[in-house]
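The values are calculated or read from the model by the stated rules, or taken from the named source; none is laboratory data. Remember, predicted model here, so these are calculated numbers, not experimental data. Every residue, glycine among them, receives a Cβ derived from its backbone with ideal geometry; neighbour counts consider all protein chains shown. Heavy atoms of the whole protein, side chains included, go into the accessibility calculation; ligands, DNA and RNA do not. Shrake-Rupley method; radii C 1.70, N 1.55, O 1.52, S 1.80 Å.
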Amino acid sequence: QWQVVESGGDLVQPGGSLRLSCAAPRFYEDYNANVIGWFRQVPGVPGKEREWISCITTNGGITQYTDSVKGRFTISRDNAKDTVYLQMNSLKPEDTAVYYCAAAPPRNYGCSKTAREYQYWGQGTQVTVSS
């Protein structure tokens, strides 16, 4: 299907783990994979923009994380399956949000932290961390 689809969101206790998946077709015909970014947003919070969490380059050679998830989240990809994963460990209540993944074309170096540079977005998957 020609769309980005996230899955894996769930209710989990603090300290628990989840693995999110992002299935995205190869949108850019000149490239064999997309740059993928993960973002999150808490619905209903005025003025709260979509927060960038992590991104990965087309071959997985470069990964980046926002400070609040470093050491707890790991992004990876399986290009044979056109799927990117976000392994989330040591989850905290403040990680509760709707998680989105998005696709962007490759750039000269690294991957973008800016939402407007991502052209294709999924519908999101809810992650709730609560006891």
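Please give the length that would be gained between Leu11 and Asp67 if that part of the chain were fully extended, namely 0.36 nm times their separation in residues minus their C-alpha to C-alpha distance (nm, one decimal).
Details: separation 56, 0.36 × 56 = 20.16 nm, distance 2.33 nm.
Using 0.36 nm per residue and subtracting the Cα-Cα distance, I get 17.8 nm.
An ellipsoid equivalent to region 5-69, defined through the eigenvalues of its Cα gyration tensor, has semi-axes of 25, 15, 13 Å when rounded to whole angstrom and sorted largest first. Taking GluC sites (Glu not before Pro) as exposed when their DSSP state is a loop state and no more than 14 other Cβ atoms lie within 10 Å, the longest site-free interval of the chain runs over 50-131.
When the P(r) of region 30-98 is calculated, the portion above 13 Å amounts to 66% of the C-alpha pairs.
Note that region 1-129 shows a convex hull volume over its alpha carbon atoms of 102 Å³ per residue.
Each of Gln3, Ile56, Gly16 was placed along the dipole of the chain (beta-carbon charges, centred on the mean Cα), and the one lying farthest toward the positive end is Gly16.
What separates the Cα centres of region 93-131 and region 1-78 is a distance of 5 Å. Sorting Thr125, Thr96 by solvent-accessible area of protein heavy atoms yields Thr96, Thr125, largest first, with a 1.4 Å probe. Here r is the Cβ-Cβ distance between Ser131 and Asp78 and R0 is 35 Å; the resulting FRET efficiency, rounded to 0.05, is 0.60. GNM on the chain, alpha-carbon springs under 10 angstrom: the most fluctuating residue among Ala80, Ala104, Ala24 is Ala80. Across every direction, the projection of the convex hull enclosing the Cα atoms of region 58-131 has a mean area of 5.7 nm².
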